[in-house]
Ligand SMILES: Cc1ncc(COP(=O)(O)O)c(C=O)c1O
């Protein structure tokens, strides 16, 4: 589908049925696959032939959907994972091991921050966090001999900072390492990080890609552009024989285009088994078929609600990269010219008490630990995800007690604004 435009790829990418085959992608609800001879199966185990043998590693339904996501992001190969967490873990762990180091933007999703800062440190992988606004010199200074990857989020959840992808990619490449970008919030409809120099793109497909709050999932896309062999000493996992896989050297056998995803599938899926269920992949594909239509409305609604909030006396501050005057407005114009996403954050005057009243009085927007759903939802970190922290601790973490994260859905923007207005009036 490479000749078609993005909207067409959303609808028809990844799967082209032959004569008399199902129009919709088939759900291959089978753990295993049958072969006539041991030699046939042996070729699959040796990675000499492509095919399926066990759904813990690969499944045709997943591969149709992964191929669509690869087309949308402009990558060479992709895989689905059981969640966004698994996608980010696999993307990093595919190239980092005990004794290695990562440079990551400090402005990323809390779950990813914890993964890198706590769990991966326990695995012996060190990290240096950098500001998303760091200068080239500051970014360079964060690198060490053992740095193997740089990581950031296009639009960060929940801070809504916008990553300077071009700068991050330039610095990562100057140090001979790939840039991994979590592109969950804008989706490829609004930003394609590979076009700006990113090497690997990850997604929590649980968010806009699924878009209906139906299925947890993740995806990893490889640009196929990073030359692993040119930096072979840094990436032994890709550039030296894998004794756990019959001595295959992934970068040699599968080249720049195939090495990363083949290794992640053959090694990490085999050992960790964090695969997306084919049923969830089917739901994800339903979401992808309308992603281009939905993202435009999410961004329109986010923009309209953010602009309304700037006119409200009860509101101390509104953060939305599409707002003129937002700290990230210029960067958003560059990387997200058609809009970003539907998530808006704002701080209420009156702190925790005002936030509690506001949330209680919302009628359309539901209180949920989720974003990027067709239905508008919202969260006050101080009374939910961060409720164990005092107001002083929250302030130190840059999360005011009166902060609200509102994820604008696909409803009529006028109804969303009316809902927010009446809840503000009730404070
Ligand atoms: C930007 C981002 N990346 C990754 C994740 C983790 O994804 P999941 O919840 O699918 O594991 C999230 C979850 O909110 C997210 O917002």
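Residues checked against (1) buried (at least 18 other Cβ atoms within 10 Å of the Cβ); (2) touching a helix residue (DSSP H, G or I) at 6+ places or on another chain (Cβ under 9 Å); (3) on the phi > 0 side of the Ramachandran plot:
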residue	(1), (2), (3)
72	yes, yes, no
75	yes, yes, no
86	yes, yes, no
97	no, yes, no
118	no, no, no
123	no, yes, no
127	yes, yes, no
141	no, no, no
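Output yes when any residue across segment 64-80 is under 17 Å from the mean Cα position of the chain (by Cα), within 23 Å of residue 206 (Cα to Cα), within 15 Å of the ligand (Cβ to nearest atom) and not in a helix (DSSP H, G or I), and no when none is. Checking segment 64-80: at least one residue is under 17 Å from the mean Cα position of the chain (by Cα), within 23 Å of residue 206 (Cα to Cα), within 15 Å of the ligand (Cβ to nearest atom) and not in a helix (DSSP H, G or I). No other residue among 49, 104 is in contact with a helix residue (DSSP H, G or I) (Cβ under 7 Å, 6 or more places away or on another chain), more than 30 Å from residue 290 (Cβ to Cβ) and not in a strand (DSSP E or B) apart from 49. Of all residues being at positive phi and surrounded by fewer than 24 Cβ atoms within 10 Å (Cβ to Cβ) in segment 331-374, which is nearest to the ligand (Cβ to nearest atom)? Just the residue, please. Here the residue is 339. Looking across 348, 394, one residue alone is free of Cβ contacts under 8 Å to residues at least 40 places away in the same chain and in contact with a helix residue (DSSP H, G or I) (Cβ under 6 Å, 6 or more places away or on another chain). It is 394.
Considering only residues in segment 81-101 that are part of a helix (DSSP H, G or I) and under 26 Å from residue 167 (Cβ atoms), the one that is nearest to the ligand (Cβ to nearest atom) turns out to be 84. Does any residue of segment 404-412 turn out to be without any contact (Cβ under 8 Å) to a residue 40 or more places away in the chain and closer than 21 Å to residue 307 by Cβ? Yes, that holds for at least one residue. With a cut-off of at least 1 residues that are crowded, with 22+ Cβ neighbours inside 10 Å, outside the structural domain of residue 410 (by TED's automatic domain parsing) and within 16 Å of the ligand (Cβ to nearest atom), name the helices (runs of 4 or more DSSP H) lying wholly within segment 154-256. Ranges flagged: 165-174, 187-190. When 377, 408 are checked against the criterion of being out of contact with any helix residue (DSSP H, G or I) (no Cβ under 9 Å at 6 or more places or on another chain) and either surrounded by 13 or more Cβ atoms within 10 Å (Cβ to Cβ) or not assigned by TED's automatic domain parsing to the domain that holds residue 312 (or both), a single residue qualifies: 377.
Looking across segment 105-115, just one residue is buried (at least 23 other Cβ atoms within 10 Å of the Cβ) and more than 11 Å from the ligand (Cβ to nearest atom), and that is 105. Total residues in segment 275-293 satisfying the condition of being part of a loop (DSSP other than H, G, I, E, B) and farther than 21 Å from residue 372 by Cβ: the figure is 1.
Of the numbered criteria (1) over 29 Å from the mean Cα position of the chain (by Cα); (2) more than 22 Å from residue 211 (Cα to Cα), the one residue 363 fails is (2).
The values are calculated or read from the model by the stated rules, or taken from the named source; none is laboratory data. Since the model is a prediction, treat every value here as computed from it, not as a measurement. A quick note on method: Cβ atoms are made from the backbone with ideal geometry, for glycine too, and the neighbour counts reach across all protein chains shown.
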